[in-house]
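Since every read-out is calculated from the coordinates, none of them should be taken as a lab result. Since this is a predicted model, take the numbers as computed values, not measurements. Cβ placement follows ideal geometry from the backbone for every residue including glycine, while neighbour counts extend to all protein chains displayed.
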């Protein structure tokens, strides 16, 4: 069996979980939050979709236990509404420029 090489994804202020297999979503959110914090982002939007709320709940559980997340809520209507969660991050102690 061939091992797949990791794919480097550019880090922006939006993470769309539709591009990840459900089994990989939690790890992707955790790694994404670490990286955006390291880079000094102040706010991000995580698109989890509407569905039955499983991904939304997982995202919010991760956000709630991440110490540098100050606040999170549904996205604005024009940016996904309850199909996305926006989070405000502390920029203290980040390693970026």
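Note: relative contact order over the chain, using C-alpha pairs below 8 Å and six or more positions apart, is 30 percent. With runs of 4+ DSSP H residues as the only contributors, calculate the mean residue ellipticity of the chain at 222 nm using -39,500 (n - 2.57) per run, divided by the residue total and rounded to the nearest 500. Helices in the chain give a 222 nm mean residue ellipticity of -9500 deg cm²/dmol.
Each of 46, 9, 52 has some number of other Cβ atoms within 10 Å of its Cβ, and from fewest to most they run 52, 9, 46. Each pair of Cα atoms in segment 1-40 enters the Kirkwood radius, and Stokes-Einstein at 25 °C and 0.890 mPa s then converts it into a translational diffusion coefficient of 215 µm²/s. Calculated on the alpha-carbon coordinates, the convex hull of the chain measures out at 114 cubic angstrom per residue.
Under a GNM of the chain (C-alpha, springs under 10 Å), which listed residue has the highest mean-square fluctuation: 57, 35, 78? Of 57, 35, 78, the most mobile in the Gaussian network model is 78.
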